[in-house]
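Below is one structure, written out as structure tokens, with a few remarks after it.
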């Protein structure tokens, strides 16, 4: 009974992670400029990959696999926003203009 529940929970987490990854991919394709694309890819992509790693942790009964999956989640949640911020800052300093819909420029 418990084994079936963990398998269903892992499947649900994989589906949720895939959905977030799909949303990130659609955002990268559909959003107008680098900054909004970067935002979509970093936020939804990190959550999607984190949910898939959480599914690995739930489905596995090996402590080493669970520890590695949880460390992967922590690494993703710490490094993805930092990397996105650095990429956006570098693009801004190189003169990449945001779309006209962006009306507030807090960096000027």
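Remarks
- For region 74-96, a residue qualifies if it is outside any helix (DSSP H, G or I) and without any contact (Cβ under 8 Å) to a residue 24 or more places away in the chain, and the qualifying residues are 94, 95.
- Any hit, region 23-36, residues being in contact with a helix residue (DSSP H, G or I) (Cβ under 7 Å, 6 or more places away or on another chain), in a helix (DSSP H, G or I), in contact (Cβ under 8 Å) with a residue 60 or more places away in the chain and surrounded by 15 or more Cβ atoms within 10 Å (Cβ to Cβ): yes
The rows are residues; the columns are (1) assigned to a helix (DSSP H, G or I); (2) in contact with a helix residue (DSSP H, G or I) (Cβ under 9 Å, 6 or more places away or on another chain); (3) surrounded by 12 or more Cβ atoms within 10 Å (Cβ to Cβ).
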position	(1), (2), (3)
7	yes, yes, yes
41	yes, yes, yes
53	yes, yes, yes
64	yes, no, no
72	yes, yes, yes
100	no, no, no
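Here, each number is a calculation from the coordinates, and none is a lab measurement. Source: prediction; values computed, not measured. Neighbour counts run over all protein chains shown; Cβ positions are idealised from the backbone, glycine included.
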